[in-house]
Every structure is written in structure tokens, then in C-alpha cells.
1. Name the residue, out of ALA59, ALA64, that is away from the ligand (no atom under 11 Å from the Cβ), more than 24 Å from the chain's Cα centre (by Cα) and in a helix (DSSP H, G or I).
2. What residue, of GLY297, GLY272, GLY290, is in contact with an Asp or Glu (Cβ under 8 Å, 6 or more places away or on another chain) and surrounded by fewer than 24 Cβ atoms within 10 Å (Cβ to Cβ)?
3. Out of curiosity, is ARG97 within 12 Å of the ligand (Cβ to nearest atom), open to solvent by 10 Å² or more (accessible area, probe 1.4 Å) and at pLDDT below 95?
4. So in region 338-347, with the set limited to residues that are modelled with pLDDT under 95 and more than 13 Å from GLY264 (Cα to Cα), which one is least open to solvent (accessible area, probe 1.4 Å)?
5. Which residues, taken from region 68-88, are in contact with a Ser or Thr (Cβ under 8 Å, 6 or more places away or on another chain), within 11 Å of the ligand (Cβ to nearest atom) and outside any strand (DSSP E or B)?
6. Please list, ordered by first then second residue, the pairs with beta carbon atoms under 6 Å, 6 or more apart or interchain, first in region 338-363 and over 14 Å from GLN298 (Cβ atoms), second surrounded by 14 or more Cβ atoms within 10 Å (Cβ to Cβ) and at pLDDT below 95.
7. Please specify each residue of region 278-309 satisfying the condition of being more than 14 Å from GLY264 (Cα to Cα) and either assigned to a strand (DSSP E or B) or within 15 Å of the ligand (Cβ to nearest atom) (or both).
Amino acid sequence: MAIHKLFLLPGDGIGTEVMAEVARFIDWFSSRGIATFEAEQGLVGGSAYDAHGKAISDADMALANAADAVIFGAVGGPKWDDVPYEKRPEAGLLRLRKDLALFANLRPAICYPALADSSSLKRHLVEGLDLLIVRELTGGVYFGEPKTITDLGNGQKRAIDTQVYDTYEIDRIARVAFDLARTRSNKVASSEKRNVMKSGVLWHEVVSQVHAESYPDVELEHVLADNCGMQLVRNPKQYDVIVTDNLFGDMLSDVAAMLTGSLGMLPSASLGAPDEQSGRRKSLYEPVHGSAPDIAGQNLANPIAMIASFAMALRYSLGMGDWAGKVEDAISRTLDKGIRTSDIMQDGMTQVGTTQMADAILHELEAIA
Ligand code: NAD
């Protein structure tokens, strides 16, 4: 049996609490002989700063590089608000993304039937929603140079950000989206603003070319990013996979996220290019939420986003897609039974803490397995 090398980085605040629950899932798989994991644990964010004076140590970066998948909790908290900018907790996450060259960010928006009433949209619009936003993560306007604020000397300043994309960056993210679509409903919507942006013109051209050359079997639609935002709140179920750049992806994925209810429910994955020899992609899996200092240490955090992120690692990095589906099923069944953490509590349901929610999901997994 293959040995899966996991590197766990719990981080700060509720990151450590939700990661402790993932560790129980790892033990569950191991103790039943379903998979063999070699799980190491490191420090990131404020806890790494306290121990090493930086947001992630070189030794932990080496372990992250060698892992089949990095599982990341959350970083930050008021204790580290005043540490130097380059050592702030988020710098650990940014270094991981940069050094592992994680250019593809996958954010699923899944609406569990039991939670459809918590959405800001009507039940029939979101019930059964299952879409995936594939966001380009390492290019575009967040990184393009020049990036400056210049004093014009007349009481005015000028701010410049640069939106820049090369063909290869669009080509590789498009391939990730088309490959994923083939494992789902075989439909991709590519979103940009080619009507007003040159980067949108090139984006449209390259995605169309990749489609024609390599993925003619996948249905492709082009949608302007502003229209895409509107369509997401009008009729989100029309989409399966949406591929878009860093800036639009940042916004569209947050819009899609809120269709499904709480921050505590949202997993994500970030993938790099496949290794030429092994075909293995570097990868990092993390919940979308932060370290939630307001509820940390009280057994209040919802562990579902973290557990669902672990399920994504099973699917995308460890070749255990069937088990990922079972974990997701176990989450759905737990919610069907009315078990809720406080962030998703509704009238007539049973409120539980972090550990009890994970207990309930493990119990359902045991029943499905
Ligand atoms: P947050 O996501 O930590 O919390 C926002 C709100 O959602 C809070 O009220 C919190 O209690 C609630 N919440 C979040 N996750 C939850 C969960 N799993 N279960 C129940 N409730 C949950 O965002 P914030 O308050 O803006 O930031 C807090 C800290 O986290 C800051 O230091 C910020 O920099 C950091 N942060 C880190 C990441 C990351 O590690 N990727 C992301 C966002 C924010």
C-alpha cells in the first residue's frame, strides 16, 4: 500500500482545534487499514513566530516541499498584530503558496440540502448546488509590476497596479479547469472582461485555443466577470466549473461561498504544476476561514471546512476520490440528523461543539464505510 506523506500545519487560534479533528480522521483511516499515512506536524503563523522568529521555518518549508499534501489550519490573531510586516502570520501562508508555486486555487461551493435555508438565496436556487471556482492564484494584478503610489507634488497622488498575464499562466490554469470538468459535469465557464481589458482579450484567446486543441469534448462558455457575479446570485446552478483570474476569482469565489451559508463550511485546495517525473502536484488544503480569535479555545469552531479540505486532499492528491466522497456524504448525513455547531445553529436542531461534530461525522463515516 502506498504511504501518503502529509504535513500538518495547524497554525493559530481555531486552526489547532479543527486540525486536531483531522488528525482523528487520519487515525481512523490508518486504524482500519484503508490507507497508510505518514503525518508530520509543523508550525506556521504566530506560533512559528513565537518559536522561530519567523512565520514559517526553513525546516518546515522543506517538509512542506517533500509532502504529498500540506494540510493547513489558519493563522493570525491579536497577539501578533504588531510583529514586523514580513514576519506577520500571513507571511507563512504566502511563502508556502509562492515556494510551492501553487497557481491554481480550487474553491467548491456546495450547498448541503440541510443548510439550504441558511443561504441568503431562496432554497430552490441553492439546494443541491455544487460548483467549483478555479482561480489563478500567483499572477495578475495582485503581483504585477509596477505597483506604486507616487506623489505628484500638487496635492495629488497616483496609484498604479498592473494586471499582467502571460500565455503560459492562462494555458495551465485552463487545463486544470478542463481536467476537473471532465471528472464532474464536463462544463467550464471562463470569466474575464475582454470588453475593457487586454488581459481579458488574451485570456479569452488562450482558453479558446486550449479548448479547441485539447478539450473539445468539454462544453465551454465565456462569460464577462460582472455578468458572472450577477448570474451567481440569479441562478448559480447553471455553472459547474468557473475558471477565472486572480482578481475576479477572489470576488466570485466569495460570492459563491456565501450562497452556501457559513464560513465554517468552506474548504479549499491550491495546486501547483505536475512534477515531470511523478506527475504529482504540490498541494495545500485549507479551510477558507481564519483563526477566529473570538471563539478560539472554546470548542465552538465548526470543523467541517477543515474536514472537507482533508477530503479534497484525499481526492486531488492521494488518489482516494471514493473515500473523499464518503467523507462528504458523512458530513451531509450528520447535517441531515440536525447536528449543528453554533455558527450554523437553527431552531429545533442539536447544538454541539467542535469535537462532538467530528464525532458525529466519524460515526456516519463508520456506517457508510
Ligand atoms: P475569521 O474567518 O477568523 O472569522 C470571521 C468570523 O467567522 C468570526 O466571527 C469567527 O468566529 C467566524 N468563524 C470563522 N471560522 C469559523 C468556524 N470554523 N466555525 C465557527 N465560526 C467561524 O476572520 P477574521 O475575524 O477576519 O480574522 C481573524 C484572524 O484570522 C485575523 O488574524 C486574520 O488575519 C486571520 N485570517 C487568517 C486566514 C488564513 O489563515 N487563511 C484567513 C482569514 C483571516
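1. Working: ALA64 fails: more than 24 Å from the chain's Cα centre (by Cα).
Checking each option against the conditions leaves just ALA59.
2. Within the list GLY297, GLY272, GLY290, the selection yields GLY297.
3. Working: within 12 Å of the ligand (Cβ to nearest atom): yes; open to solvent by 10 Å² or more (accessible area, probe 1.4 Å): yes; at pLDDT below 95: yes.
Taking the combined requirement at face value, the residue satisfies it.
4. Among them, the one singled out is GLN346.
5. Of everything in region 68-88, those that are in contact with a Ser or Thr (Cβ under 8 Å, 6 or more places away or on another chain), within 11 Å of the ligand (Cβ to nearest atom) and outside any strand (DSSP E or B) turn out to be VAL75, GLY76, GLY77.
6. From region 338-363, the pairs are ILE344/SER262.
7. To start, the set of residues in region 278-309 that are more than 14 Å from GLY264 (Cα to Cα) comprises 278-285, 297-298.
Once the filter is applied, which keeps residues that are more than 14 Å from GLY264 (Cα to Cα) and either assigned to a strand (DSSP E or B) or within 15 Å of the ligand (Cβ to nearest atom) (or both), region 278-309 yields ARG281, LYS282, SER283, LEU284, TYR285, GLY297, GLN298.
Conditions tested, residue by residue: (1) touching a residue at least 40 places away in the same chain (Cβ under 8 Å); (2) not aliphatic (A, V, I, L, M).
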{"position": "LYS5", "(1), (2)": "yes, yes"}
{"position": "MET19", "(1), (2)": "yes, no"}
{"position": "ARG32", "(1), (2)": "yes, yes"}
{"position": "GLN41", "(1), (2)": "no, yes"}
{"position": "GLY45", "(1), (2)": "yes, yes"}
{"position": "ALA48", "(1), (2)": "yes, no"}
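The values are calculated or read from the model by the stated rules, or taken from the named source; none is laboratory data. The model shown is predicted, which means the values in this text are computed figures rather than measured ones. No Cβ is skipped: glycine too gets one built from the backbone with ideal geometry, and neighbour counts run over all protein chains shown. Heavy atoms of the whole protein, side chains included, go into the accessibility calculation; ligands, DNA and RNA do not. Shrake-Rupley method; radii C 1.70, N 1.55, O 1.52, S 1.80 Å.
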